[in-house]
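Structure first, then comments.
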Amino acid sequence: RLNAEVGALKTATTNASQAGALLQVMDGGMNTINDILVRMKQLSVQAGSDNLGATERGYINNEATALAAEINRIATDTEFNGVKVLNSATDLDFKIGSGAVAAEDDLTFTTSDNTLATLTGGGATAMDSKANADIASASIDTAINALQTNRAAVGVNQNRLEFAAQNLRTISENSENARSVLVDLDVASEMAAFSSKQVLMQSGIAMLGQANQMPQNLMRLLQ
């Protein structure tokens with residue numbers, strides 16, 4: 001049973017490490033989306049100024065449109081082991097314990113939808129006019145706040161997984177030590193039993209030898 005427990009703990013530790021890697025992939029994608037949103041915010045402020053003409057504002061709008069498409073591409077294409085992790089709200093269960101009680105042995109994390117339409121709450125991001133640039137600026141603020149909320153959830157679970165993995169390694173090490181002690185005790189017990197039997201056998205042989213010599217000793221006395 002202890003061997004099975006040690007093996008299960010090692011597997012749970014691996015699960016926790018892989019779950020941590022998944023969250024790192026998510027955070028990396030979100031970090032890139034955040035950088036793009038920051039750039040879009042700068043563009044919206046620039047496009048909202050009257051010192052720009054229609055031509056310059058058109059260039060800004062083209063860049064903003066391309067950046068919006070890139071956000072959606074990142075959200076749609078970011079995956080871990082075939083699982084999309086940034087474009088929908090999906091529950092992922094990580095087995096980080098050796099038992100079968102979900103509340104104690106599982107960590108459930110819900111992914112988030114980080115496409116631009118979801119982050120902005122449906123707000124417009126076009127910057128082809130001064131008025132639209134102001135609307136886009138407010139929409140981008142909403143998107144940045146929503147993204148930070150999503151990243152905070154990832155960070156919370158990253159920290160939890162780190163502590164869970166640390167605890168699993170400690171339990172696994174202690175269980176392995178306990179198993180080794182039990183094995184050593186079994187070996188010591190068998191060696192003690194073997195030594196005891198060996199002593200008894202040697203004593204028996206010695207007594208048998210002495211018994212064989214008794215007739216000879218009696219004959220010498222009679223002579």
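The values are calculated or read from the model by the stated rules, or taken from the named source; none is laboratory data. Remember, predicted model here, so these are calculated numbers, not experimental data. Cβ coordinates were reconstructed from backbone atoms using ideal geometry, including for glycine residues, and neighbour counts include every protein chain displayed.
Please find, among Asp91, Asp27, the residue that is more than 19 Å from Asn132 (Cβ to Cβ), of a type in the set (Asp, Glu), touching a strand residue (DSSP E or B) at 6+ places or on another chain (Cβ under 6 Å) and touching a residue at least 12 places away in the same chain (Cβ under 8 Å).
Working: Asp27 fails: touching a strand residue (DSSP E or B) at 6+ places or on another chain (Cβ under 6 Å).
Residue meeting the stated conditions: Asp91.
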**Q.** Ala47 vs. criteria loosely packed, with under 14 Cβ neighbours inside 10 Å, among the aliphatic types (A, V, I, L, M) and either farther than 30 Å from Glu162 by Cβ or touching a Leu at 6+ places or on another chain (Cβ under 6 Å) (or both)
**A.** no
**Q.** For Leu67: the one exception among (1) free of Cβ contacts under 8 Å to residues at least 24 places away in the same chain; (2) of a type outside the set (Gly, Ala, Ser); (3) more than 18 Å from Asn157 (Cα to Cα)
**A.** (1)
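If you scan segment 106-116, which residues turn out to be under 11 Å from Asn87 (Cα atoms) and either among the small types (Gly, Ala, Ser) or touching a strand residue (DSSP E or B) at 6+ places or on another chain (Cβ under 8 Å) (or both)?
Taking segment 106-116 first, the residues under 11 Å from Asn87 (Cα atoms) are 111-116.
Once the filter is applied, which keeps residues that are under 11 Å from Asn87 (Cα atoms) and either among the small types (Gly, Ala, Ser) or touching a strand residue (DSSP E or B) at 6+ places or on another chain (Cβ under 8 Å) (or both), segment 106-116 yields Thr111, Ser112, Asp113, Asn114, Thr115.
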Q) Which of the residues belonging to segment 53-92 are under 31 Å from the mean Cα position of the chain (by Cα), acidic (Asp, Glu) and surrounded by 12 or more Cβ atoms within 10 Å (Cβ to Cβ)? A) Glu70, Glu79
**Q.** Those residues of segment 34-54 which are at pLDDT 95 or above and over 18 Å from Ala138 (Cβ atoms), in sequence order
**A.** Asp35
Q) Being more than 15 Å from Val25 (Cα to Cα), in contact (Cβ under 8 Å) with a residue 40 or more places away in the chain, surrounded by 13 or more Cβ atoms within 10 Å (Cβ to Cβ) and over 34 Å from the mean Cα position of the chain (by Cα), is that true of even one residue in segment 107-126? A) yes
Q. Within the bounds of segment 21-31, is there any residue that is more than 17 Å from the chain's Cα centre (by Cα) and surrounded by fewer than 14 Cβ atoms within 10 Å (Cβ to Cβ)?
A. yes
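Can you tell me which residues in segment 110-159 are assigned to a helix (DSSP H, G or I), of a type in the set (Gly, Ala, Ser) and under 22 Å from Ala64 (Cβ atoms)?
Within segment 110-159, Ala117, Ala131, Ala133, Ala136, Ser137, Ala138, Ser139, Ala143, Ala146 meet the criteria.
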